[in-house]
Every structure is written in structure tokens, then in C-alpha cells.
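Notes follow the structure.
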Amino acid sequence: MSQIEVQVAVSGTGVPARRQFETWATAAVGDRLREWELCIRIVGTRESAELNERYRGRTGATNVLSFAADLPPVTGIPLLGDIVICLPLVGAEARAQAKPVIAHWAHLTVHGVLHLLGMDHEDPNDAEQMEAEEKRVLSHLGYPDPYTVTASATGNT
């Protein structure tokens, strides 16, 4: 059983329905866990930048941040953690990469959930494994490879 809370902390359009986030997150979790909970918070660039600087020491907004829960197993709460997605960057990046916005939402959600499950991309081997899992999950959901850059995204025609 899964449970997702979606918090929209910024005004704007184009935020997917909770059910879509649930579909994407469930696909990313797969059969790794039977029960889990997570919160997805949709923010603006200011909140994203503040969180990115505070928790990662990096300046500026970022597309997605993941905060894994650090609860002892004895609590019985199957909380994976929180994912923070920056609404303005989703649209801007999708346009720059010439991909459907909904596909980018799916990718960032899957990416964030995989981080909550312990995957990382800090070194090349880990990055390769994480990207392969992202591609597998997104393909299963009917989305294209998020790492393929189209000719229009590169300026080549």
C-alpha cells in the first residue's frame, strides 16, 4: 500500500494530478517495498534555491531535491521521505530539452524516488546504474529515454 501527499506551495499551472505522481512513484518503487509513504512538494525557484543552498551547499534553484526519511524501523512508519520539485524549472527544462512537460514531470518524480530508495549518481558507475533504472521505469510507463537529446534541443536541424 502506498500513500502520497502532494503539497503545492507555489501558484502556477501544469502541476500533474496526485494520481499521476502516485503512478510514477509506484513504478519507481516497484517490488522493493510493500508499504511506503512520501510527500511531494511543488515549489517556486526561491524555495528551491533556499533548500538547495541549505542542504546541498549549492547556489540557485534545482529541478528536484530528495530528502530521505531517517526513521528507525521500530516506528513502523514506512516513510520514504520528501521530494521537492521546482515548478518553473520543470517547464523551462522541458522546453530547452524539446520534450513533453509531462514526461519531464515523470522523470523528475522517478529520479527523486530512486534517490529515496538509496540510488545515487555521484560516481560514474552509480550514475550509469541509476540512469539505466530511470530509463527502465520510464519506458515501462510509456515515456521516452529522458537522456536522449533531440536535434531541436541542441539547435541542430
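Selection within region 12-34: residues that are within 18 Å of residue 86 (Cα to Cα) and touching a residue at least 24 places away in the same chain (Cβ under 8 Å). The member of this set that is farthest from the chain's Cα centre (by Cα) is 12. Of all residues in region 35-57, those that are touching a residue at least 24 places away in the same chain (Cβ under 8 Å), assigned to a loop (DSSP other than H, G, I, E, B) and not acidic (Asp, Glu) total 1.
Among the candidates 89, 108, single out the residue that is touching an Asp or Glu at 6+ places or on another chain (Cβ under 9 Å), aliphatic (A, V, I, L, M) and at pLDDT 95 or above. Don't jump to the end; show me each part of the working.
Details: 89 fails: touching an Asp or Glu at 6+ places or on another chain (Cβ under 9 Å).
Checking each option against the conditions leaves just 108.
Which residues, taken from region 58-87, are outside any strand (DSSP E or B) and among the small types (Gly, Ala, Ser)? Within region 58-87, 60, 61, 69, 76 qualify. Consider region 88-124 and keep the residues that are touching a helix residue (DSSP H, G or I) at 6+ places or on another chain (Cβ under 6 Å) and in a loop (DSSP other than H, G, I, E, B). The one that is nearest to residue 29 (Cα to Cα) is 119. Restricting 84, 8 to those that are at pLDDT 95 or above, surrounded by fewer than 16 Cβ atoms within 10 Å (Cβ to Cβ) and either β-branched (Val, Ile, Thr) or in contact with a Gly (Cβ under 8 Å, 6 or more places away or on another chain) (or both) reduces the list to 8.
Residue 32 - would you say it is under 20 Å from residue 120 (Cα atoms) and part of a loop (DSSP other than H, G, I, E, B)? Yes.
The values are calculated or read from the model by the stated rules, or taken from the named source; none is laboratory data. These numbers were taken from a predicted model, which means no experiment stands behind them. When we count neighbours, we look across all protein chains shown, and the Cβ atoms used for this are built from the backbone with ideal geometry, even at glycine.
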